[in-house]
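Have a look at the structure below before the remarks.
The values are calculated or read from the model by the stated rules, or taken from the named source; none is laboratory data. All figures in this text were calculated on a predicted structure; none of them were measured in a lab. Here the Cβ positions follow ideal geometry from the backbone for every residue, glycine too, while neighbour counts run over all protein chains shown.
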Amino acid sequence: MIIKFYRLKKIQIILLLIFIFFINVSIEYSRFLDFKDEDIFEVKAEILNIYPKENFDILKFKTNDFEFFSKLNKNEGLKRLDFISCAIDTRNIDFISYLEGFFTNIIYFETLEKNIGFKEKIIKNVENNHTNEQIIELFNTLFLAIPVSQNLRDIFINYGISHVVALSGFHLVVISFVIYWILYFPYSFFQTKYFPYRNRRFDILLFTIVVLFYYLILTDVVPSLLRAFVLFCLGIVLLRSNIKIISYMTLLYTFLIVIAIYPKYIFSIGFWFSTIAVFYIYLFLQYFKNLNKLVAILFFNFWMFLIFNPIVHLFFYQTTIEQFYSIPITMFFTIFYPFEIFAHIFNFSNYFDKYIEIFLSYKFYVYEVKTPVWFIIFYLICSFSSIFSNKAFSILNILMLGFNTYMYLSF
């Protein structure tokens, strides 16, 4: 049925997803009206992050339906991941702000005890393995997508490794690879003995999807990870149907599916970054598919670093020469990430803390470079035109080299 659905005319699929999008927007709007029904709204929320200011703190909260920011005194004694019940002011909040996250005043609050689930046990495991707060933050965000402090976030930007730290397709591939091979040999034994008629690889991929779906729920459905999960599932369906997996239409369907299910993710920078990154991966495969495999792997990481810089610097202006380190770090991460998962399971990850501390304590010379709006518009036009035109792709690469030369010679 899924295969027949996919083989429908492309326009019908797109229209169906747009229809689902508007249904879910109407559901969100209904929740918004309930939210606005009273000037004071009581809700339970988790503290995602705390941004210290001179005389107060800005806190980011997450509820079941929305996220919001508020200002509180420093002496309230609240910590990241604390759970509270609070009453907030709903005046002056419009529907768009409700979807993307808003700032409001907390009228009163009380701290609640959190239920200890599997996610909390993972957090406790990380805390037991490390004593350095920044390292605890690092692994909490690597394993569970828990937001990091502003200071640690700046370190990631200065190294140019935000894409490595933020859970996305990169992590999903590594995790799915580990899950697949953990299941492969025990399942092969039972499959060969009791049900040899089954497709071994497909069955293991289905088990992998189930585990990945649970992991997605565990991370509170991170937008970039959801995009990767949907694309992974579509890829398996297309593979079974002998339909081309790597195509721009598949990426478009993935984008529309995510937005249709979660309309508010259209305001997520992480989701947009993740989607555009996959677009450039497809563009690389389109034009450099005939390269030697070893050369392609090395050149791919270098090219992706350069091609994405203009887009990153539209939002994040911090620039350092050390951002070039992101190229070898990205390659090394394919080993580091699964190794650290096992190291935390068997409680020996602290042996490497001294090296991570050196890495995180490095001092940068930071300056700012901002991508002009006119440039990014022309850059994106050339990017999308490159799907159909070799000349557009050549112009895109000239723009890429020009921007990066300007950016790293500006210091």
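Among the residues of region 329-351, is there at least one that is more than 23 Å from residue 145 (Cα to Cα) and of a type in the set (A, V, I, L, M, F, W, C)?
Scanning region 329-351, I find no residue that is more than 23 Å from residue 145 (Cα to Cα) and of a type in the set (A, V, I, L, M, F, W, C), so the answer is no.
Restricting to region 155-186, give me the number of residues that are more than 25 Å from residue 230 (Cα to Cα), in a helix (DSSP H, G or I) and in contact (Cβ under 8 Å) with a residue 12 or more places away in the chain. Spell out how you get there, then give the answer.
Residues of region 155-186 that are more than 25 Å from residue 230 (Cα to Cα), as a first pass: 155-160, 185-186.
Among the residues that remain, those that are also in a helix (DSSP H, G or I) are: 155-159, 185-186.
Add one more test, that the residue is in contact (Cβ under 8 Å) with a residue 12 or more places away in the chain, and what stays is 155, 157-159.
Matching residues across region 155-186 total 4.
Just checking, does region 55-64 include any residue being in a strand (DSSP E or B), in contact with a Lys or Arg (Cβ under 7 Å, 6 or more places away or on another chain) and closer than 23 Å to residue 137 by Cβ?
In the first step, residues of region 55-64 are kept if they are in a strand (DSSP E or B); the result is 57-62.
Keeping just the survivors that are in contact with a Lys or Arg (Cβ under 7 Å, 6 or more places away or on another chain) gives 57-58.
With closer than 23 Å to residue 137 by Cβ added as a condition, the list becomes 57-58.
Taking every residue of region 55-64 in turn, at least one turns out to be in a strand (DSSP E or B), in contact with a Lys or Arg (Cβ under 7 Å, 6 or more places away or on another chain) and closer than 23 Å to residue 137 by Cβ.
Checking residue 333 against (1) in a helix (DSSP H, G or I); (2) modelled with pLDDT of 90 or more, only one condition comes out false. Which one?
The one condition residue 333 does not meet is (2).
Is there a residue being in the same structural domain as residue 324 (by TED's automatic domain parsing), hydroxyl-bearing (Ser, Thr, Tyr) and free of Cβ contacts under 8 Å to residues at least 40 places away in the same chain anywhere in region 386-394? Give the derivation first.
Our first condition is that a residue be in the same structural domain as residue 324 (by TED's automatic domain parsing); within region 386-394, this holds for 386-394.
Filter once more, keeping what is hydroxyl-bearing (Ser, Thr, Tyr): 386, 389, 394.
Still in the running and free of Cβ contacts under 8 Å to residues at least 40 places away in the same chain: 389, 394.
Within region 386-394, one or more residues are in the same structural domain as residue 324 (by TED's automatic domain parsing), hydroxyl-bearing (Ser, Thr, Tyr) and free of Cβ contacts under 8 Å to residues at least 40 places away in the same chain.
So how many residues does region 24-49 have that are modelled with pLDDT under 90, out of contact with any Lys or Arg (no Cβ under 6 Å at 6 or more places or on another chain) and assigned to a strand (DSSP E or B)?
So the count comes out to 0.
Does residue 321 count as surrounded by fewer than 18 Cβ atoms within 10 Å (Cβ to Cβ), in contact (Cβ under 8 Å) with a residue 12 or more places away in the chain, closer than 17 Å to residue 167 by Cβ and in the same structural domain as residue 365 (by TED's automatic domain parsing)?
Numbers: surrounded by fewer than 18 Cβ atoms within 10 Å (Cβ to Cβ): yes; in contact (Cβ under 8 Å) with a residue 12 or more places away in the chain: yes; closer than 17 Å to residue 167 by Cβ: no; in the same structural domain as residue 365 (by TED's automatic domain parsing): yes.
No, not satisfied.
Could you run through region 278-304 and say how many residues are in contact (Cβ under 8 Å) with a residue 24 or more places away in the chain and small (Gly, Ala, Ser)?
Of the residues in that region, 0 qualify.
Residues to consider are 212, 238, 225, 216; find the one that is farther than 19 Å from residue 143 by Cβ, surrounded by 16 or more Cβ atoms within 10 Å (Cβ to Cβ) and not β-branched (Val, Ile, Thr).
On the way: 212 fails: farther than 19 Å from residue 143 by Cβ; 225 fails: farther than 19 Å from residue 143 by Cβ; 216 fails: farther than 19 Å from residue 143 by Cβ.
None of the others qualify; the one that does is 238.
Select from region 395-411 the residues that are surrounded by 13 or more Cβ atoms within 10 Å (Cβ to Cβ) and of a type outside the set (A, V, I, L, M, F, W, C) and write down the one among them that is nearest to residue 312 (Cα to Cα). Walk me through how you get there before you give the answer.
Initial filter on region 395-411 (surrounded by 13 or more Cβ atoms within 10 Å (Cβ to Cβ)): 395-397, 399-400, 403-404, 407-408.
Within this subset, residues satisfying the condition of being of a type outside the set (A, V, I, L, M, F, W, C) are 397, 404, 408.
Numbers: 397: 16, 404: 12, 408: 14 Å.
Only one residue fits best here, namely 404.
Specify which of the listed residues (307, 297) is in a helix (DSSP H, G or I) and at pLDDT below 90.
Values: 307 fails: at pLDDT below 90.
Among 307, 297, only 297 is in a helix (DSSP H, G or I) and at pLDDT below 90.
Here are the criteria: (1) within 19 Å of residue 28 (Cα to Cα); (2) surrounded by 15 or more Cβ atoms within 10 Å (Cβ to Cβ); (3) out of contact with any Phe, Trp or Tyr (no Cβ under 8 Å at 6 or more places or on another chain). Tell me which single one residue 119 does not satisfy.
(1)
Does region 72-92 contain at least one residue that is assigned to a strand (DSSP E or B), without any contact (Cβ under 8 Å) to a residue 40 or more places away in the chain and not aromatic (Phe, Trp, Tyr)?
The first filter runs over region 72-92 and keeps only residues assigned to a strand (DSSP E or B), leaving 72, 83-89.
In the following step, the residues that additionally are without any contact (Cβ under 8 Å) to a residue 40 or more places away in the chain were identified as 72, 83.
Pick out the ones that are also not aromatic (Phe, Trp, Tyr) and you get 72.
Yes - at least one qualifying residue is present in region 72-92.
From the set of residues in region 193-205 that are in contact with a helix residue (DSSP H, G or I) (Cβ under 8 Å, 6 or more places away or on another chain) and part of a helix (DSSP H, G or I), which is surrounded by the fewest Cβ atoms within 10 Å (Cβ to Cβ)?
Residues of region 193-205 that are in contact with a helix residue (DSSP H, G or I) (Cβ under 8 Å, 6 or more places away or on another chain), as a first pass: 198, 200, 202-205.
Next, from what is left, pick out any that are part of a helix (DSSP H, G or I): 200, 202-205.
On the way: 200: 14, 202: 12, 203: 14, 204: 19, 205: 20.
Across region 193-205, the extreme among qualifying residues is 202.
Contact list please: Cβ distance under 7 Å, first residue in region 197-225 and in contact (Cβ under 8 Å) with a residue 40 or more places away in the chain, second residue loosely packed, with under 15 Cβ neighbours inside 10 Å and part of a helix (DSSP H, G or I), pairs at least six apart or on different chains.
Matching pairs, first to second residue: 218/118.
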